[in-house]
Amino acid sequence: MHSILIFGGNKKDREQKIDHISAIPNFANHPDIKIIKPQPGKSIGINDVREIEKFLRTKPLKLTGKQVLIYSAENLTVQAQNALLKTLEEPPANCKIILETRNEESLLPTIISRCQKINLGNKNTVDENTPEHNEQVKLFMRVLEKGRGEGLDFVESNKQKIANRDYAISLLDIWVSVLRDKMLINTDKNPNIINKQNRESLEKLEMDTIRIIEWVEFSSKLRETIQQTNASPRLALELFLLHP
């Protein structure tokens, strides 16, 4: 595959893997390598993807092909991911696109399916096959169906665990995976969703796609806040649950 998704491990592990795969020393200013990194508190938007497309259309100057390195790919907006999908499906010859993210669930399943996956190990994350993952999916489904009170009660009763930033991020990723699944169900006739065991409940749930997109984009800002600031992870999750 021309596209590679690196996830799991810690940030340093993933960046070292990118260096190894790129195989170009001191690539920061290389004319045939485009680096995409979100600014603090910002998303990677559709304009960034258009810049990638424009970059890949021109001929390489020094290498046999071009490389695009997308760091913190969980910050790609839904619209940006959908725009990137076309490039992943029909990449120019000899190009290489590397996406780096802490958790692959932060990306659309359609993006994941078009990449070679390199898993560096899920440190301090909740695996989708564990009872805890399924429990959190069911909790968030109840929040969507009955209101935010249950979610806020959960945050209050688990405030000690949620004080751990990695744990809080893993919960946010699980909840966002439910929203992404619902968006795919709304827009795709044969969606390849993550939380397959809850497909029937998700299909019955009435939820506007525009609202889902706004909520997912809001989650990217909160995720960045939890990762890069001293803000309370508990407060961030509460803000997520209270988002209109």
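The values are calculated or read from the model by the stated rules, or taken from the named source; none is laboratory data. Small disclaimer: the values here were computed from a predicted structure and weren't measured. Note: ideal-geometry Cβ built from the backbone for every residue, glycine included; neighbour counts use all protein chains shown.
From (1) outside any helix (DSSP H, G or I); (2) in contact with a Gly (Cβ under 9 Å, 6 or more places away or on another chain), pick out the condition that doesn't hold for Glu100.
(2)
Among the residues of the stretch 87-106, are any crowded, with 17+ Cβ neighbours inside 10 Å, farther than 25 Å from Lys34 by Cβ and not basic (Lys, Arg)?
yes
If Asp19 meets every condition in (1) assigned to a helix (DSSP H, G or I); (2) in contact (Cβ under 8 Å) with a residue 24 or more places away in the chain; (3) of a type outside the set (Ser, Thr, Tyr) apart from one, which number is that one?
The number of the failed condition is (2).
Between a first residue in the stretch 141-152 that is within 23 Å of Ile194 (Cα to Cα) and a second residue that is not polar (S, T, N, Q) and not in a helix (DSSP H, G or I), which pairs have beta carbons less than 7 Å apart while being 6 or more apart in sequence or on different chains?
If the second residue must be not polar (S, T, N, Q) and not in a helix (DSSP H, G or I), the pairs left are Leu144/Leu205; Leu144/Met207; Glu145/Leu205.
I need the full set of residues from the stretch 53-70 which are in contact with a Ser or Thr (Cβ under 9 Å, 6 or more places away or on another chain) and either free of Cβ contacts under 8 Å to residues at least 12 places away in the same chain or farther than 23 Å from Leu184 by Cβ (or both), in order please.
Glu53, Leu56, Lys66, Gln67, Val68, Leu69
Working only within the stretch 22-44, note down all residues that are surrounded by 14 or more Cβ atoms within 10 Å (Cβ to Cβ) and not in a loop (DSSP other than H, G, I, E, B).
Answer for the stretch 22-44, where residues must be surrounded by 14 or more Cβ atoms within 10 Å (Cβ to Cβ) and not in a loop (DSSP other than H, G, I, E, B): Ser22, Phe27, Ile33, Lys34, Ile35, Ile36, Ile44.
Yes or no: Lys161 loosely packed, with under 14 Cβ neighbours inside 10 Å, over 20 Å from the mean Cα position of the chain (by Cα), closer than 21 Å to Leu241 by Cβ and assigned by TED's automatic domain parsing to the domain that holds Pro233? First the steps, then the outcome.
Working: loosely packed, with under 14 Cβ neighbours inside 10 Å: yes; over 20 Å from the mean Cα position of the chain (by Cα): yes; closer than 21 Å to Leu241 by Cβ: yes; assigned by TED's automatic domain parsing to the domain that holds Pro233: yes.
In short, yes.
Evaluate the stretch 102-120: report whether one residue or more is closer than 21 Å to Thr225 by Cα and either acidic (Asp, Glu) or out of contact with any strand residue (DSSP E or B) (no Cβ under 9 Å at 6 or more places or on another chain) (or both). Spell out the reasoning first.
Taking the stretch 102-120 and keeping what is closer than 21 Å to Thr225 by Cα, we get 102-107.
Filter once more, keeping what is either acidic (Asp, Glu) or out of contact with any strand residue (DSSP E or B) (no Cβ under 9 Å at 6 or more places or on another chain) (or both): 104-105.
Among the residues of the stretch 102-120, at least one is closer than 21 Å to Thr225 by Cα and either acidic (Asp, Glu) or out of contact with any strand residue (DSSP E or B) (no Cβ under 9 Å at 6 or more places or on another chain) (or both), which makes the answer yes.
Restricting the search to the stretch 203-238, which residues are farther than 19 Å from Lys146 by Cβ, touching a helix residue (DSSP H, G or I) at 6+ places or on another chain (Cβ under 7 Å) and at pLDDT 90 or above?
Pro233, Arg234, Ala236
Looking at the stretch 208-235 only, could you name the residues that are buried (at least 16 other Cβ atoms within 10 Å of the Cβ) and either free of Cβ contacts under 8 Å to residues at least 24 places away in the same chain or not in a helix (DSSP H, G or I) (or both)?
Ser232
If Gly65 satisfies every condition in (1) surrounded by 18 or more Cβ atoms within 10 Å (Cβ to Cβ); (2) assigned to a loop (DSSP other than H, G, I, E, B) but one, which is the exception?
Result: Gly65 passes all but (1).
Taking Lys86 as the residue in question, decide whether it is farther than 30 Å from Asn186 by Cα and over 15 Å from the mean Cα position of the chain (by Cα).
no
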